[in-house]
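A.B. asks: Encoded as structure tokens, here's the structure I'll be asking about.
Laboratory data are not the source of any read-out in this text; all were calculated from the coordinates shown. What you are looking at is a predicted structure, and each value in this text was computed from that prediction instead of being measured. We place every Cβ from the backbone using ideal geometry, glycine too, and count neighbours over all the protein chains shown.
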Amino acid sequence: MDKFLYPISLSDFLVRAVEKSPTKIACIEQGIPYSYASIYDQSCKLANALQNKGLSRGDRVVLFMDNSVKTIISLFGTLLAGGVFSIINHQTKANKLKFILDDSDAKILITNYALQGTYRKALELGTQIKATIVTELTPDSRSSLCENAFEDLTQSIEPIVSPYRNIPTDLAALIYTSGSTGDPKGVMMNHQSMIFMTHCLDYYLGLDSEERILNFLPLSFDYGLYQVFMTISLGATLVLEKSFSYPEKIIETISKEKVTVFPGVPTVYKTLIALTQKRKIVFDKVRKITNTAASLSADLIPDLQAIFPNSQIYKMYGLTECKRVSYLSPDNLQKAPHSVGKAIPGTEVFLLSQNGLPVAAGDLGILHVRGPHLMMGYWKRPYETDQMLKEGLYPGEKILCTHDWFTIDSDGFLYFKGRSDDIIKTRGEKVSPIEVENCLDGIEGVKDSAVMGAPDELWGQSIIAYIVPDGTVELNEHTIIKSCRNKLENHMVPKKVIFVDELPVTASGKVTKSGLIRTQHMEEAYAGNN
């Protein structure tokens, strides 16, 4: 049978890339290049090993690993064997790892030996795992937990002869949410939704096979994960780093590896901007930079354009349940600098009130999304699924209710105002933390900021601002509040300003406001308002 024109499963990306350019470099890790042929060969051998260990169609494989080419091999090995992958951040603790292993009913765990203190504790607590595959495992370091050496399975075993052929509606991945408000939930994504999203990203970013895409974002974070699929689908090259923990190393890598695409989050961009105050940093070969996870303040754009002088800047908004919702094209940065753009190609968005009625341009509404990129639902959580997937325009169709507050202007540009449970209600008005944070981030001497509402007997809630100074100028509560009064309406001005050394963030770079609540500073702020 002739090859189907459209990829049927995610593993087709790798199969087609190796058929076209087997010797091309697919990934560079720590300066070491890996060809498409090498990654494909090891993925096929791992797929064979997984099937020999009892992996059947649709069985879940948990990858508890850091960023490495072995994670990519494990990902495609699982898909080629007909399995479902779930990448879990390597900083996850044992109790949470055990919860995910149990919740996903995973049959096989693939992990790093460096994480043995965590994964062994999770397994000793009791799970359904039938086999554990471990990188860098030596004969002397094996335990009694059915451990197998990753290197043995990907080097000495014969490659799989006929990879399992998934169909587009098969489950491909369980992407677990951060779980900041309770136990993590597995977002179910099938092959066709992830294939659509990969092609959509490649298309609207204007990428091609000559790209050298940098990724230091965790592969457990869908923003990082899709850099892999985008690269492989294009037949391009991925420059893979562990993290952004050592910015100087990343700066060196960008120049050395001639990176052309730079995906980041606001905390990363603010760090780069802060470094430019010490010395000039220019990346003239980077031609695309992207942002998501948190809103990118319009005040940062001029500084970013100085660092990336030949690059187009893409502001984007999305959520795990559909990966991406909107993007602001570079030619609209000046026209709508505070917007997150318009719906991505092939999808539709609209705003509804809490009563389910359309809202007028400029009015607050909850964003709803239509398209082929929506999740199938939350794994084994029908109630939570029903809260997110609502009845659509046609019988049987589902649309995604994001529970995020937005406005839309007369030109169709979307403006993110915050989560429905993030909106601060003060003095009878609704205040978006994002708007206040954008103002704070534009104040000289402010490196980072976060805004929350604290209980207030008189106002309902008062606005508390957390500020991370960059050390260039002296800041105090009075100067911050005065600056805000010059730019914001009275009801949006913070009542209290708290200076901190850093903001608590998740592994994906998002500020975790639940972490702020737990700090002594917040306890004092609450006490002071009651």
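A.B. asks: Expected output is a single nm value to one decimal: the length gained when fully extending between Glu384 and Ser245, i.e. 0.36 nm times separation in residues minus the C-alpha distance. What is it?
C.D. replies: Result for the pair: 46.6 nm of gain on full extension.
A.B. asks: Among the DSSP beta bridges whose two residues both lie in the chain, what percent are antiparallel, rounded to the nearest 5?
C.D. replies: Among the beta bridges of the chain, antiparallel pairing accounts for roughly 55 percent.
A.B. asks: Tell me the label only: which of (i) 1.54; (ii) 1.35; (iii) 0.99 is Cα Rg over 2.2 N^0.38 Å as calculated from this structure?
C.D. replies: Checked against the structure: label (iii).
A.B. asks: Moving to a separate point now. Rank by packing, highest mean first: peptides 72-82, 268-278, 205-215, 243-253, with packing defined as the count of other Cβ atoms within 10 Å averaged across residues.
C.D. replies: Packing order, densest peptide first, comes out as 72-82, 205-215, 268-278, 243-253.
A.B. asks: Figure the gain on full extension for Asp409 and Leu357 (residue separation times 0.36 nm, minus the Cα-Cα span) and round it to one decimal in nm.
C.D. replies: Stretched fully, the Asp409-Leu357 segment lengthens by 17.0 nm.
A.B. asks: With a ≥ b ≥ c the root eigenvalues of the C-alpha gyration tensor of segment 42-148, is it rounded (a/c under 1.5), prolate (a/b larger than b/c) or oblate?
C.D. replies: Judged from the Cα gyration tensor, segment 42-148 comes out rounded (a/c under 1.5).
A.B. asks: Give me the percent of DSSP beta bridges within segment 117-270 that run antiparallel, rounded to the nearest 5.
C.D. replies: Expressed as a percentage, antiparallel bridges in segment 117-270 total about 40.
A.B. asks: Modelling each spin label as a point 7 Å along the Cα-to-Cβ direction, I'd like the Arg57/Asn310 distance in nm, to one decimal.
C.D. replies: Output for this residue pair reads 4.9 nm.
A.B. asks: So, in Å, what gap is there between the alpha-carbon centers of segment 332-383 and segment 1-31?
C.D. replies: First find each Cα centre; the distance between them is then 33 Å.
A.B. asks: Could you put Lys130, Lys185 in order, starting from the residue whose Cβ has the fewest other Cβ atoms within 10 Å?
C.D. replies: Ranked by crowding around the Cβ, least crowded first: Lys130, Lys185.
A.B. asks: Within segment 437-455, whose backbone N sits under 20 Å from a point 7 Å along Cα→Cβ of Glu474?
C.D. replies: Backbone N within reach: 443-447.
A.B. asks: Only counting other Cβ atoms within 10 Å, I'd like His368, His403 sorted with the fewest neighbours first.
C.D. replies: Fewest to most other Cβ atoms nearby, the residues stand as His403, His368.
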